[in-house]
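Enquirer: Got a structure for you, written out below as structure tokens; questions coming shortly.
The values are calculated or read from the model by the stated rules, or taken from the named source; none is laboratory data. Everything quoted here is computed from the prediction, not taken from an experiment. For neighbour counting, all protein chains shown are included, and Cβ atoms are generated from backbone atoms with ideal geometry for every residue, glycine included.
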């Protein structure tokens, strides 16, 4: 969690803006697929565009299993956590830490003055704001080329940075999806011969 040195850091500067949401009426299996595809552990739940709850990996495991094995029969609204706790992007990291501790939650939705969802904040983002950010993680995509002497070389063609909030085992997948979106959905293999996850 954030320490005193980050007391004046604004939520605006540390929140994630590439937020994946799910509709309250969506089937649970669709929500689970979204989590897996984007490498996230929670999804803000919306109804007619407005945030109404949060679906976490724990909700899926504990509550969904209690409902039965056929998760496609159940909707996000059946298992989501209600009582959503929000914060303004202009509030401080210290405010966010206090809200998380008081509410016993690990995530906060960030809402603007019109109550529109503009970001997501989790405990890892706060940890980074304290000046102890996790080592930078990025994925380098490369293509093998042959020089004039017939020697192969790996040439970097793209570098994709991955948020500290993405679980370690999803870093590669998250980078691939961003790489492919930037190329209109074309498979990464059509542009690169390989990729490598790096730190620092």
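Enquirer: Of the residues 192, 158, which single one is modelled with pLDDT of 80 or more, assigned to a strand (DSSP E or B) and outside the structural domain of residue 15 (by TED's automatic domain parsing)? Before the answer, list the steps.
Expert: Working: 192 fails: assigned to a strand (DSSP E or B).
Checking each option against the conditions leaves just 158.
Enquirer: If residue 120 meets every condition in (1) modelled with pLDDT of 85 or more; (2) over 22 Å from residue 36 (Cβ atoms); (3) assigned by TED's automatic domain parsing to the domain that holds residue 93; (4) not in a loop (DSSP other than H, G, I, E, B) apart from one, which number is that one?
Expert: (2)
Enquirer: Can you find, within the range 87-117, the residue that is modelled with the lowest pLDDT among those that are outside any helix (DSSP H, G or I) and either touching a helix residue (DSSP H, G or I) at 6+ places or on another chain (Cβ under 6 Å) or within 21 Å of residue 162 (Cα to Cα) (or both)? Explain how you work it out, then say what you get.
Expert: Of the range 87-117, the ones outside any helix (DSSP H, G or I) are 87-92, 104-117.
After this cut, where a residue has to be either touching a helix residue (DSSP H, G or I) at 6+ places or on another chain (Cβ under 6 Å) or within 21 Å of residue 162 (Cα to Cα) (or both) as well, the list is 87, 89, 91, 106-110.
Details: 87: 94, 89: 90, 91: 92, 106: 82, 107: 86, 108: 91, 109: 92, 110: 93.
That would be 106.
Enquirer: Please go through the range 61-86 and give me each residue that is modelled with pLDDT under 80, surrounded by 17 or more Cβ atoms within 10 Å (Cβ to Cβ) and either out of contact with any helix residue (DSSP H, G or I) (no Cβ under 6 Å at 6 or more places or on another chain) or farther than 24 Å from residue 101 by Cβ (or both), ordered by number.
Expert: Within the range 61-86, 64, 71 qualify.
Enquirer: So, in the range 13-49, exactly how many residues are in contact (Cβ under 8 Å) with a residue 60 or more places away in the chain and closer than 15 Å to residue 81 by Cα?
Expert: Number satisfying all stated conditions: 5.
Enquirer: Turning to a different aspect of this structure: Using the structure shown, decide if residue 48 is on the phi > 0 side of the Ramachandran plot and either modelled with pLDDT of 85 or more or in contact with a strand residue (DSSP E or B) (Cβ under 8 Å, 6 or more places away or on another chain) (or both). Spell out the reasoning first.
Expert: Values: on the phi > 0 side of the Ramachandran plot: yes; either modelled with pLDDT of 85 or more or in contact with a strand residue (DSSP E or B) (Cβ under 8 Å, 6 or more places away or on another chain) (or both): yes.
So residue 48 fits the description; yes.
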